[in-house]
């Protein structure tokens, strides 16, 4: 339908930048003083883009020895936080993932020290 748009709250990231260079999209630890980036109602759909666990440092052309040179303090980037209206500390929230779309190529680890790059999901 022309002219019709379903708009939802979202957080988009620039995959060419690391979290430290784009701090308005997330954080790397849980802390009560970190202000929410979005406020949503219960049941509201949102779109979140996320970074990989190494914050973009692992590339398809790398070999195992390259991993030793990665910034070890940069791992575990988190998108958000998200504030859910009416939620209180200690509440259990149910989250439904409507769709997951991996960035290609994506990286998976099947055992410590072994990395697999996959072209097909």
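With the contact rule set at Cα under 8 Å and sequence spacing of 6 or more, what percent relative contact order holds for region 9-118?
30 percent.
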Exercise for the section: List 12, 27, 76 from most exposed to least, where exposure is judged by having the fewest other Cβ atoms within 10 Å. Expected result: 12, 76, 27
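Restricting to bridges with both residues inside region 9-118, how much of the DSSP beta-bridge set is antiparallel, in percent to the nearest 5?
Looking only at bridges with both residues in region 9-118, the antiparallel portion is about 55 percent.
Each reported figure results from applying straightforward, stated rules to the coordinates on display, with no laboratory input. This one's a predicted model, so the numbers in the text were calculated from it and none came from an experiment. Positions of Cβ are generated from backbone atoms using ideal geometry, with glycine treated the same way; all protein chains shown enter the neighbour counts.
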